[in-house]
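Report on one structure; see the data block that follows.
The values are calculated or read from the model by the stated rules, or taken from the named source; none is laboratory data. Keep in mind that this is a model prediction, so the values were computed, not measured. Backbone-built Cβ (ideal geometry, glycine too); neighbour counts: all protein chains shown.
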């Protein structure tokens, strides 16, 4: 085995065929990071000219001419091959030392413990405790989940060998009903062009303000579009409702129910049900007309979502909703459209992405998980982020950071 600098082309070739690949470890993301001052190097191990391990190393100057090194989603390597992993880590440390690195961060795309739909550990399932123990023996320190840069807990749906009918059948009945209702009332899913990205950005900003989280600037979405869209690896969607057509459908349904009331043999209980249904339809008509008058528009935008589409998985990366239109539940329809896309185009997994950690303990934001759980699937817990001190400056940096936090707290 030999340790080498790799060209971008060599790394991309290895990345493209590796089971642990994800968009975060792609050279395209390195180019995006370079706009923020990160440098990129590609390293790997060859055996008889064949690349058997690689990594994308990003570095950024932090203090005293020392660099932080970060490998997004960790190494592309067989983490169970301890001989290879040890060789790779040892040589990577030496490589980083020569470049004035003081720390190496990794957050491998590796499952910790296999979990079921409820977040409970699967008996005799995947357990990578030995990987965690090995990283610890190599000097890595596991960071708290609050410090992790990337998502650690996810919810995914297996698409491999499944048909649309299979997925629909396995959904929760309520989720299936919501999707059918969204289709029935005429909600449409529309893919956005580059020029239309401000529509998506506005939805995200409104959602961020309402739910008190920081959103990315529009340049991020533009850059992601420019980098990935031509390869069909990123897509932005919104949902729309034509209020004029919606009201027409409501009137038609109302008329049908009114005609049923004319039946002389109608039972009292059924008559009462129909009267309630007609009243509900009248309320919906009034509400829709009110929205039309307020917006002065027949077509309204309800929600938006961003997806990464790099095999083997479709990743539901970002989304938002306008609060006043959340009652239409249009995000369910976007998910269903992308699940169908994944099945049709040979993706193995639909990754709903982030959920709160330790979901089986019902933490805050449990509703995010409940929405995703309705499609069926399973919880995925990754092994998390780890950092490896490379020289004494790591501890100096940590001390300075801690003192800064204490100083900040004293001024509160």
So residue 60 fits all but one of (1) buried (at least 20 other Cβ atoms within 10 Å of the Cβ); (2) without any contact (Cβ under 8 Å) to a residue 60 or more places away in the chain; (3) under 24 Å from residue 139 (Cα atoms); what number is the exception?
(1)
All positions within region 83-122 that are without any contact (Cβ under 8 Å) to a residue 12 or more places away in the chain and either surrounded by 17 or more Cβ atoms within 10 Å (Cβ to Cβ) or farther than 30 Å from residue 65 by Cα (or both):
83, 121, 122
Residues of region 217-229 satisfying the condition of being free of Cβ contacts under 8 Å to residues at least 60 places away in the same chain and under 30 Å from residue 186 (Cα atoms)
218, 222, 225, 229
Scan of region 139-161 for residues that are more than 17 Å from residue 356 (Cα to Cα), surrounded by fewer than 16 Cβ atoms within 10 Å (Cβ to Cβ) and touching a strand residue (DSSP E or B) at 6+ places or on another chain (Cβ under 9 Å), ordered by number:
139, 141, 142, 158, 160
For region 348-364, what are the residues that are at pLDDT 95 or above and more than 18 Å from residue 171 (Cβ to Cβ)?
348, 353
Residues (in contact with a helix residue (DSSP H, G or I) (Cβ under 7 Å, 6 or more places away or on another chain) and within 13 Å of residue 302 (Cα to Cα)) located in region 176-200
182, 186, 187, 189, 200
In region 1-35, how many residues are out of contact with any strand residue (DSSP E or B) (no Cβ under 8 Å at 6 or more places or on another chain) and loosely packed, with under 14 Cβ neighbours inside 10 Å?
5
Give 85, 104 a once-over and let me know the one that is within 22 Å of residue 11 (Cβ to Cβ), part of a helix (DSSP H, G or I) and touching a helix residue (DSSP H, G or I) at 6+ places or on another chain (Cβ under 8 Å).
85
Which residues, counting only those in region 8-54, are in contact with a helix residue (DSSP H, G or I) (Cβ under 7 Å, 6 or more places away or on another chain), within 22 Å of residue 84 (Cβ to Cβ) and not in a loop (DSSP other than H, G, I, E, B)?
11, 12, 15, 25, 42, 43, 44, 45, 51, 52, 53, 54
